[in-house]
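Shown next, in structure tokens, is the structure this report addresses.
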Amino acid sequence: MAKYVFVTGGVVSGLGKGVLTASLGCLLRSRGVRVTLQKIDPYLNVDAGTMNPYEHGEVFVTKDGLETDLDIGHYERFLHEDLSRANYLTTGQVYWAVIQRERKGDYLGHTVQVIPHVTEEIKSRIKEALDVTGSAVVVVEVGGTVGDIEGLPYLEAIRQMRDELPREDVVVVHLAYVPVLSTTGELKTKPTQHSVKELRAVGIQPDFIVARCPLPLPWALRKKIALFCDVPVEHVIEDRDLPSIYQVPLALAQEGFDQKLLRRLDLGCAEQDLGAWQDFVRRLENCEQRVRIGIVGKYVELKDAYLSITEALRHAGAAVGTKVDIVWIPAQKVEEAKEKALAGLQGILVPGGFGERGIAGKVFAADYARRTGIPYLGICLGMQVAVIAFARSVLGWKEANSTEFDPRTPYPVIDLLPEQTGVQAKGGTMRLGEYPAKLRPGTHIHAAYGGAHIGERHRHRYEFNLQFLEEFERKGLVACALSPDERLVEAVEVRDHPWYVAVQFHPEFRSRPLRPHPLFVAFLRACVSCSS
Ligand code: GLN
């Protein structure tokens with residue numbers, strides 16, 4: 001069995017197509033359907049690794065090492081499942097494959113064209129997502145908004161699939177916007193009507209219209225959308241603004257969306273089991289304690305740049321029973337205001353990052369947490385600055401640095417491995433994806449995981465320089481996680497500190513609402529207990 005659900009978007013970007021797609025995955029899964037999710041990014045980039053967080057938010061990393069857009073993170077969190085390369089598709093990948101085939105001469109003298117060669121490649125990759133994951137249904141999110149030039153080959157591929165496959169095997173869900181006019185307080189359906197017109201112009205009639213709206217969608221407006229957009233009125237689904245993205249599946253279930261979708265796909269449906277999810281949402285909303293965590297980063301004005309970290313903190317907060325108040329602290333502010341910028345925090349988190357800007361502030365924050373006994377969680381660059389801070393303050397190596405920031409430092413405590421030296425190309429050349437590590441017994445990290453063997457995802461070029469390990473350990477910064485061959489230090493912690501753990505990997509990518517990540521849980525517990 002192979003069923004395809006396409007999610008397109010209209011009117012404006014940022015309506016939550018990713019969360020809608022993830023929610024559909026969550027709902028279908030809750031009824032026992034074997035479903036997977038796929039994101040199409042219509043960019044010429046081959047992956048998201050070279051994209052600036054200012055433009056696209058966080059770069060997510062799959063277990064098998066693909067750098068993707070942040071929606072894959074939503075998908076993994078809403079499905080409680082690790083996804084792979086097959087779940088993320090870009091125009092760069094599609095054209096790359098087509099051009100390589102052309103160079104090999106596989107097109108046997110034919111002119112290579114968008115239709116049919118590019119569209120065939122797209123269709124085969126969509127089908128591949130089903131085969132690779134062994135799923136019966138794939139929900140495919142088409143990035144961008146209808147009408148974008150970049151999206152046309154994908155919409156054409158969808159149009160063809162609707163023609164080629166039985167009617168009950170292909171469904172199009174269109175997410176549009178129903179804004180409120182500030183002057184009259186009225187909900188307006190015209191933008192939705194126009195975006196459906198755009199979709200029809202490329203030969204696609206949507207089956208469902210999901211209306212993102214700030215207020216409840218009255219029956220009369222549902223009827224109007226149904227009439228003008230030519231869908232049954234019960235296929236107009238309200239998608240109201242909600243305080244938390246985790247409420248979206250519950251709200252859509254109330255609209256009966258999953259049942260209607262399954263009916264349209266001609267699939268039977270089992271009883272729904274959303275009990276654990278409801279319980280999570282309840283816990284998220286009803287935390288009695290609060291804890292203030294400072295995140296010191298370069299892109300703090302753009303929260304999406306650290307999306308998986310904020311979500312991981314929320315998941316852990318719900319498990320620990322505490323609401324997490326995140327204080328966003330620009331690293332450059334710490335450079336200027338020093339400890340004043342860090343006042344009143346119960347925990348400090350320094351996330352990953354690249355480039356020199358803001359490094360001094362992050363080093364200061366890492367050092368401040370060590371000196372004052374505030375719990376510290378360093379992630380990737382957050383581990384590297386913790387090592388630099390320790391070298392400078394405790395070992396007295398004032399010029400200690402990462403060779404990323406000072407290639408001539410006499411103390412290259414963070415450095416490139418021989419296999420990274422000389423790598424010029426930026427795309428896909430870092431240490432990426434999941435690697436195993438073993439934990440040292442008797443450490444905070446070992447206690448947090450409750451075991452000695454872990455697998456975590458990486459995305460970095462630089463590593464702890466093993467040459468200096470002995471001196472660090474003598475003074476109290478211990479390597480608490482190592483690669484199985486002991487060539488790589490995967491985490492360090494300060495021995496005489498309530499909780500100071502810094503990891504070279506990205507634990508945030510594995511946190512799930514119902515399976516919070518043990519490091520985030522242990523970090524929050526330490527923050528709560530240190531301040532009480
Ligand atoms: N810039 C550092 C490196 O490449 C850290 C990367 C990160 O934090 N993801 O190793």
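The values are calculated or read from the model by the stated rules, or taken from the named source; none is laboratory data. What you see is a predicted model, and the numbers here were worked out from it, not measured in a lab. Please note: Cβ atoms are built from the backbone with ideal geometry, for glycine as well, and neighbour counts cover all protein chains shown. The accessibility values were calculated without ligands, DNA or RNA, using every heavy atom of the protein model including side chains. Shrake-Rupley method; radii C 1.70, N 1.55, O 1.52, S 1.80 Å.
A few remarks follow.
- Degrees, to the nearest 10: 275-285 long Cα axis against longest axis of the chain: 60 degrees
- Between the residues Pro484, His453, Met430, the greatest Cα displacement towards the positive end of the dipole of segment 430-486, with unit charges on the Cβ of Lys, Arg, Asp and Glu, is found for Met430.
- Proximal lysines to Lys224, defined as alpha-carbon separation beneath 17 angstrom and excluding residues fewer than eight positions away on the same chain: Lys188, Lys190, Lys197
- Phi-derived couplings, Karplus 6.51 cos²θ - 1.76 cosθ + 1.60 at θ = phi - 60°, listed residue by residue for segment 317-322: x, 5, 6, 7, x, 9 Hz, with x used for Gly and Pro.
- Average accessible area per residue (Å²) across the chain - probe 1.4 Å, nucleic acids and ligands excluded: 41 Å²
- Legend: calculated FRET efficiency, Thr372 to Asp148, from the Cβ-Cβ distance at R0 = 45 Å, rounded to 0.05, equals 0.35.
- Rounded to the nearest 0.05, the FRET efficiency derived from the C-beta distance between Arg408 and Glu301 at R0 = 51 Å is 0.95.
- Across segment 60-184, the mean sequence separation of Cα contacts (distance under 8 Å, 6 or more residues apart), normalised by length, yields a relative contact order of 17 percent.
- The mean sequence distance of close C-alpha pairs (under 8 Å, at least 6 residues apart), as a share of the length of the chain, puts its relative contact order at 15 percent.
- Taking a point 7 Å out from the Cα of Ser13 in the direction of its Cβ, the residues of segment 67-100 whose backbone N falls within less than 20 Å of it are 67-75, 88-95.
- Ellipsoid semi-axes in whole angstrom, largest first, where each is sqrt(5λ) of the Cα gyration tensor of segment 94-230: 36, 16, 13
- Seen against the Cα atoms of the chain and their longest principal axis, helix 17-30 is set at about 80 degrees.
- Surface share of carbon and sulfur [accessible, 1.4 angstrom probe, percent] for segment 407-527: 51 percent
- Virtual paramagnetic centre 7 Å along Cα→Cβ of Ala343, amide N under 18 Å, in segment 291-327: 292-295, 327
- For Lys323, the lysines whose Cα comes closer than 28 Å to its Cα, not counting residues fewer than 8 places off in the same chain, are Lys17, Lys298, Lys303, Lys333, Lys338, Lys340, Lys362.
- Extension gain for the segment Asp131 to Gln289, taken as residue separation times 0.36 nm less the Cα-Cα distance, is 52.3 nm to one decimal.
- In whole percents, the pair-distance distribution calculated for segment 156-310 from its alpha-carbon pairs, binned every 5 Å from zero, is 2, 7, 13, 15, 16, 15, 13, 10, 6, 3, 1, 0.
- Compactness of segment 289-376, taken as the C-alpha radius of gyration over 2.2 N^0.38 Å, stands at 1.04.
- Share of carbon and sulfur in the accessible heavy-atom surface of segment 194-315 [1.4 Å probe, %]: 49 percent
- Extension gain from His453 to Arg200, taking 0.36 nm per residue of separation minus the Cα-Cα distance: 85.8 nm
- Listed peptides 373-386, 64-77, 321-334, 345-358 appear in the order 373-386, 64-77, 345-358, 321-334 once ranked by packing, highest mean of other Cβ atoms within 10 Å at the front.
- Calculated [θ] (222 nm, deg cm²/dmol) that DSSP helices of n ≥ 4 give over the chain, each run adding -39,500 (n - 2.57): -11000 deg cm²/dmol
- Degrees separating the helix 518-531 axis from the principal Cα axis of the chain, which is the longest one: 60 degrees
- Among the protein heavy atoms of segment 61-183, carbon and sulfur supply 52% of the accessible surface, probe 1.4 Å, non-protein parts ignored.
- With the cut-off at under 16 Å, measuring from each backbone N in segment 266-289 to a point 7 Å along the Cα-to-Cβ line of Leu514 picks out 270-284.
- At an R0 of 35 angstrom, the distance between the Cβ atoms of Asp106 and Asn52 translates into a FRET efficiency of 0.50.
- DSSP bridge orientation in the chain - percent antiparallel, rounded to nearest 5: 35 percent
- Against the rule of thumb 2.2 N^0.38 Å, how large the Cα Rg of the chain comes out: 1.03
- Unit charges at the beta carbon, dipole of the chain: most positive-side option, His117, Val521, Ala305: Val521
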